[in-house]
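Participant: A single structure is presented below for examination.
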Amino acid sequence: MRSVCGIVAAVLLAGGVAAASAQSIETGTVVRIDPQSSVVVLEDGRMYRVTPSTVLVVDNRPAPITAVRPGQRVVIQSGEVVMLRDGQYVTVSPPAAVVAQPAAVAAVPAGVRQTVHGRIADVDSNGEVEIRTDRDTFEVKVAPEVLRHIKKGDNVTIDLTITQPGAPSALPR
């Protein structure tokens, strides 16, 4: 479990620092699809243009924009943030951000892989961060330097690889 918390903290650091990167992952409930403009509108008003590099996930499966329906929960990876201006969708430029380069990984250990998507539900000044997913809520403890980059409402993507004891680990002990 300690390794999982370490992985979660590393993912939160990377996600918080690189929030404005092109590899953003957003989740929400669809209220409208504009098929002519390839735009998905979420219930909170966020709008994303689906580009050739965008991946839409519905019910844990990739889906084309033509299969997405209002009321469905969707995960949008690498969608282009847009807004409606004078009847046309225009790209919204993200603010400049410092992007941390992840450490190179020599090999991916064989094991069970799982990706969890969620949202930051609460951030305490003592470093405890509550993450809410579609199925559950859990807490992780993060370092003070990571805490500065995290705020309530931020999206979280956690990639886990669970291996047998003795297998290579990203956090050797």
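The values are calculated or read from the model by the stated rules, or taken from the named source; none is laboratory data. No experiment lies behind these values; they were computed from the predicted model shown. As a convention, Cβ positions derive from the backbone with ideal geometry for all residues, glycine included, and neighbour counts pool all protein chains shown. We work out accessible area using only protein heavy atoms, side chains counted, and drop any ligands, DNA or RNA first. Shrake-Rupley method; radii C 1.70, N 1.55, O 1.52, S 1.80 Å.
Participant: For the structure I just gave you, tell me whether Val112 is at pLDDT below 90 and either small (Gly, Ala, Ser) or open to solvent by 50 Å² or more (accessible area, probe 1.4 Å) (or both).
Facilitator: In short, yes.
Participant: Quick one: what pairs do we get from region 126-138, first residue more than 13 Å from Lys152 (Cβ to Cβ), second outside any strand (DSSP E or B) and not hydroxyl-bearing (Ser, Thr, Tyr), C-beta under 7 Å, 6+ apart or different chains?
Facilitator: As it stands, the answer is Gly127/Val142; Gly127/Ala143; Gly127/Pro144; Gly127/Leu147, since those pairs meet every condition given.
Participant: Taking the stated definitions as given, is Thr51 crowded, with 16+ Cβ neighbours inside 10 Å and either among the hydroxyl-bearing types (Ser, Thr, Tyr) or closer than 17 Å to Tyr89 by Cα (or both)?
Facilitator: Criteria not met by Thr51.
Participant: A follow-up question, please. Is one or more of the residues making up region 70-77 of a type in the set (S, T, N, Q), at pLDDT 75 or above, within 28 Å of Glu145 (Cα to Cα) and surrounded by fewer than 10 Cβ atoms within 10 Å (Cβ to Cβ)?
Facilitator: no
Participant: Hey, can you tell me all the residues within region 122-154 that are closer than 22 Å to Asn60 by Cα, open to solvent by less than 80 Å² (accessible area, probe 1.4 Å) and not aromatic (Phe, Trp, Tyr)?
Facilitator: Ile131, Thr133, Thr137, Gly153, Asp154
Participant: Could you check Val4 against (1) at pLDDT 50 or above; (2) outside any loop (DSSP other than H, G, I, E, B) and say which number it fails?
Facilitator: (1)
Participant: Could you grab me the full set of residues in region 26-69 that are hydroxyl-bearing (Ser, Thr, Tyr), free of Cβ contacts under 8 Å to residues at least 40 places away in the same chain and out of contact with any helix residue (DSSP H, G or I) (no Cβ under 8 Å at 6 or more places or on another chain)?
Facilitator: Tyr48, Thr51, Ser53, Thr54, Thr66
Participant: Within region 27-62, count every residue that is in a strand (DSSP E or B) and of a type in the set (D, E, K, R).
Facilitator: 4
Participant: Just for region 121-173: of the residues that are farther than 24 Å from Thr27 by Cβ and among the hydroxyl-bearing types (Ser, Thr, Tyr), which one is modelled with the highest pLDDT?
Facilitator: Ser125
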